[in-house]
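Enquirer: Let me begin by handing over the structure; questions about it come next.
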Amino acid sequence: MTYVVDASVIVMWLVPEEYSRHARRLRQTDAEMLAPAHFRPEVANALWKKVRKGILSNDEAKRMLTLDLPVEEVPIFPLLPAAFDIAARYERTVYDALYVALALREHCQLVTADKKLRNSLAKAFPGTVLWVEDIPA
């Protein structure tokens, strides 16, 4: 099985949050996990926000940035036209739309813990956008 995972799920592998146990369950499977190559700056930005809130120290966040993650980075350039169309049509960021475009191209599901992304795109892409809590056991 293959999944596209977004930055919200990857951050939950690193820092305990509400749905972290569900996100970690995915990491413990044999599933192949893909993400558009821009996921690393998105993860870094989320960790930076946790540093600003006092949840993580600077050193903890920087250490997390160097961890080997079980995610295959997929080049974004070929995904941009489809992602741009998705973003324009559904009024989402191109960053979010890149995850959906990759899942559509690979004929797999996008796993997310981003409520705004789920709420705005799950109906438009039924069977493609999977809420982190709904990962099969």
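The values are calculated or read from the model by the stated rules, or taken from the named source; none is laboratory data. Predicted model only: the values in this text are computed from it and were never measured. Here the Cβ positions follow ideal geometry from the backbone for every residue, glycine too, while neighbour counts run over all protein chains shown.
Enquirer: Being part of a loop (DSSP other than H, G, I, E, B) and in contact (Cβ under 8 Å) with a residue 60 or more places away in the chain is the filter here; which residues of the stretch 19-64 pass it?
Expert: Scanning the stretch 19-64 gives Tyr19, His38.
Enquirer: Which one of Leu130, Leu121, Leu98 is under 18 Å from Ala37 (Cβ atoms) and either in contact with a strand residue (DSSP E or B) (Cβ under 9 Å, 6 or more places away or on another chain) or in contact (Cβ under 8 Å) with a residue 40 or more places away in the chain (or both)?
Expert: That would be Leu98, the only listed residue that is under 18 Å from Ala37 (Cβ atoms) and either in contact with a strand residue (DSSP E or B) (Cβ under 9 Å, 6 or more places away or on another chain) or in contact (Cβ under 8 Å) with a residue 40 or more places away in the chain (or both).
Enquirer: Looking at the stretch 33-61, which of the residues that are exposed (fewer than 14 other Cβ atoms within 10 Å of the Cβ) and charged (D, E, K, R) is nearest to Thr112 (Cα to Cα)?
Expert: That would be Lys49.
Enquirer: I'd like to check something: does the stretch 105-125 contain any residue that is in contact with a helix residue (DSSP H, G or I) (Cβ under 7 Å, 6 or more places away or on another chain) and acidic (Asp, Glu)?
Expert: The answer is yes; a qualifying residue exists.
Enquirer: Name the single residue, out of those in the stretch 42-80 being of a type in the set (A, V, I, L, M) and under 13 Å from the mean Cα position of the chain (by Cα), that is modelled with the lowest pLDDT.
Expert: Going through the qualifying residues, I end up with Leu69.
Enquirer: Hey, another quick one. Determine which single condition Leu117 fails, assuming it passes every other condition in (1) of a type in the set (A, V, I, L, M); (2) over 24 Å from Ala44 (Cβ atoms); (3) within 15 Å of the chain's Cα centre (by Cα).
Expert: (2)
Enquirer: Related question: From the list Ala83, Ala88, Ala37, which residue is touching a strand residue (DSSP E or B) at 6+ places or on another chain (Cβ under 6 Å), at pLDDT 95 or above and of a type in the set (Gly, Ala, Ser)?
Expert: Ala37
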